[in-house]
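In what follows, a structure is listed as structure tokens, so that the remarks can point back to it.
The values are calculated or read from the model by the stated rules, or taken from the named source; none is laboratory data. No experiment lies behind these values; they were computed from the predicted model shown. Every residue, glycine among them, receives a Cβ derived from its backbone with ideal geometry; neighbour counts consider all protein chains shown. Heads up: the accessible areas ignore ligands, DNA and RNA and are worked out on the full protein's heavy atoms, side chains in. Shrake-Rupley method; radii C 1.70, N 1.55, O 1.52, S 1.80 Å.
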Amino acid sequence: MKYNPVQNFIGGKFVNIRSDKSLDVVSPIDGTLLSVVPMSAAKDLDDAVKAAKAAFTGWSKTPIKERVQVFFRYKTLLEKNLQELATLCSEENGKTYSESVAEIEKSIELTEFACSLPQLVTGEILEVSRGVECRTEHVPLGVVASIVPFNFPSMVPNWTLPNAIALGNCMIMKPSEKVPLSCGRLAELLKEAGLPDGVFNIVHGDVTIVEAICDHPGIEAISFVGSTKVAKIVYQRATSNYKRCLALGGAKNHLMVLPDAIPGMTAQNVAASMSGCAGQRCMAASAMIGVGNVDAIIDKICEEARKIIPGENLGAVINKESKERIERYIGEAERDGAKVLVDGRNAKVNGKENGTYVGPTVIDFVTPEMSVAREEIFGPVISIMRTKTVDEALAIENKNPYGNAASVFTQNGAMARYIIDHASAGMIGVNVGVPVPREPFSFGGWNESKFGVGDITGKSSIEFWTKLKKSTTKWNAEAGVNWMS
Ligand code: NAD
């Protein structure tokens, strides 16, 4: 085993988890046993909530300009430790080293945003009546929790922790049990950056600990990122306990390719979007709709896909179950009459026989009823459907229950605008395969890709992680009395 067993991080210290149940942490790259992660019980969560509560008094009273100094230092530490963090991220998640570098760079960008929060959280003040002033200020909530998925072991924790903590909250992070290692390094770097003990805590575990988080009376708000099935469970349970909750779910993102699209650029974007991070991105292109004759572009997409080689410029999928699930989807599509133009099944990487790789897969002549057209596959697979008109393409896109992203490839500005207006997704791309809004713009989908109000990053996160205090004051005894005073 390469690393010591995983520990919780509570009150500024790594502590053993009191549990008899643990899971192996296996590298998807080659099957190496990296560590074991014990599953925490409700009493471990209690300890974390107590530590966070104890830290809250001091942290919430620290002026925000002082609080963000920790994040300026944390940003520098992320930069300094970038290579080591990226290596760890690849080891536990299976993505390529360059994808992990991009993930840490994105974590740095998210931290930069948190450092800018003092410029964004100024309240409002107005003389509302003679001598009477109303003023609003953003006040932290208290102890908050963030539950995260396996596909971005560093970036998704950094969607929430810098903003929530810079805004004065104390946080409990619940990493994915599949990738528990990166988060521990983030905790060490936060401590090195000067974050007081107890402000950031990690509790590892599975469904038991997620349920305990939803039920714990000491936790005020929960952000969740993961599959739609679990997002619904968490949103329902957290809100039924009267907690604030924002739960981001899965996705089925559609790319609409029009006949006037620039072939080379479109093909590169489609192939990169469907295969980046082995297709395990909630912003990955999963379905493509060719409008009219786009055969030449599809040929080029296949050419681009064939340049993507497992173990070289394509990482592994998270585990054996995932590989089997993805390959099952490809088989189903073939049986239902679709044509597999590039087949990623049975991919093998020399010297990494125990790695879980799926090669890039392009499936053509998919119909909207097929499972590959409807369901999130979460692998390097693109399912191509054909329509005669843009409205037929939009009807397919609109009908899918998710709503994270949609993109159009065209050179026609009016058509692009029409698709922006009519696609039912929170994040739209024009000639962009992965339309992630970069900071300071906020991230969040629609429909079954998100439950709750607002987005998880950007300015929107200020509303989620704080509550507004409104004060009305009068210091001028001479001011006249009117109807409201
Ligand atoms: P997941 O839903 O299986 O797990 C997410 C978290 O929930 C993990 O911490 C896990 O321990 C916990 N969990 C799992 N099952 C649970 C249950 N039954 N009850 C309570 N908690 C449970 O998701 P995943 O497989 O880790 O991640 C992949 C999914 O996340 C994909 O669907 C992907 O689209 C989605 N995702 C969405 C976004 C977004 O921004 N919308 C971003 C990243 C990933």
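Quick notes
- Amide proton proximity set for Phe200, modelled H, under 5 Å, gap of 5+: Met171
- For the residue pairs Lys50/Lys459; Lys43/Lys469; Lys61/Lys469, the C-alpha atoms sit more than 23 angstrom apart in Lys50/Lys459; Lys43/Lys469.
- The slack between Phe72 and Leu126, meaning 0.36 nm per residue of separation minus the straight C-alpha distance, is 16.2 nm.
- For the chain, the longest principal axis of the alpha carbon atoms and the long axis of helix 181-192 meet at an angle near 30°.
- For Phe441 and Arg328, the FRET efficiency from 1/(1 + (r/R0)^6), where r spans their Cβ atoms and R0 equals 45 Å, is about 0.75.
- Scattering from region 253-430 was approximated by placing one identical point on each alpha carbon and applying the Debye formula without solvent; log10 I(q)/I(0) at 0.14 1/Å stands at -0.67.
- Cα-based reach from Lys174 at 13 Å (exclusive), listing aspartates and glutamates while leaving out same-chain residues under 8 positions away: Asp44, Asp206, Glu211
- DSSP loop GluC sites (Glu not before Pro) with at most 11 other Cβ within 10 Å excluded, longest remaining stretch of the chain: 1-311
- Qualifying aspartates and glutamates (Cα of each under 12 Å from Cα of Lys53; at least 8 residues distant if same chain): Asp197, Glu220
- The chain, relative contact order in percent, only Cα pairs under 8 angstrom and at least six apart counted: 18
- Accessible solvent surface per residue of the chain, calculated while the other protein chains remain in place, 1.4 angstrom probe, Å²: 42
- Here's the picture: a label point sits 7 Å out from the Cα of Lys467 along the beta-carbon direction, and within region 197-239 the residues with their amide nitrogen under 16 Å of it are 217-222, 239.
- Between Asn350 and Thr87, the distance separating the two model label sites (each 7 Å from Cα on the Cα→Cβ line) works out to 2.5 nm.
- All-pairs Cα distance distribution in the chain, expressed in whole percent, bin size 10 Å: 4, 19, 28, 24, 15, 7, 2, 1, 0
- Calculated FRET value between Gln119 and Val430, using beta carbons and R₀ = 25 Å, to 0.05: 0.25
- Nearest-ten-degree value, helix 390-399 long axis tilted from longest Cα axis of the chain: 60
- Relative to the longest principal axis of the Cα atoms of the chain, the long axis of helix 82-93 makes an angle of roughly 60 degrees.
- Candidates per trypsin sites (Lys or Arg not before Pro) in region 298-331, loop by DSSP, up to 14 other Cβ within 10 Å: Lys307
- FRET efficiency for the pair Asp24 and Glu112, taken as 1/(1 + (r/R0)^6) with r the Cβ-Cβ distance and R0 = 56 Å, rounds to 0.95.
- Counting only Cβ charges, +1 for Lys and Arg and -1 for Asp and Glu, the dipole size of the chain around its Cα centre is about 1020 debye.
- Cα centroid of region 1-28 to Cα centroid of region 61-104, whole Å: 20
- Mean separation of Cα contacts under 8 Å, 6 or more apart, over the residue count of region 363-444: relative contact order %: 23
- Accessible area of the chain belonging to carbon and sulfur atoms, whole % at 1.4 Å probe: 53
- Taken over region 332-447, lysine pairs spaced eight or more positions apart, or on distinct chains, with alpha carbons under 29 Å apart number 4.
- Partners for Lys474 among lysines (Cα-Cα distance below 16 Å; same-chain residues under 8 apart left out): none
- Selection from Gln280, Gly413, Ala373 lying farthest towards where the dipole of region 253-430 points positive, charges on Cβ: Gln280
- Note on Leu34: accessible area approximately 0 square angstrom, rounded to 10, probe 1.4 Å, nucleic acids and ligands left out.
- For region 1-125: relative contact order, % (alpha-carbon pairs under 8 angstrom, 6 or more apart): 22
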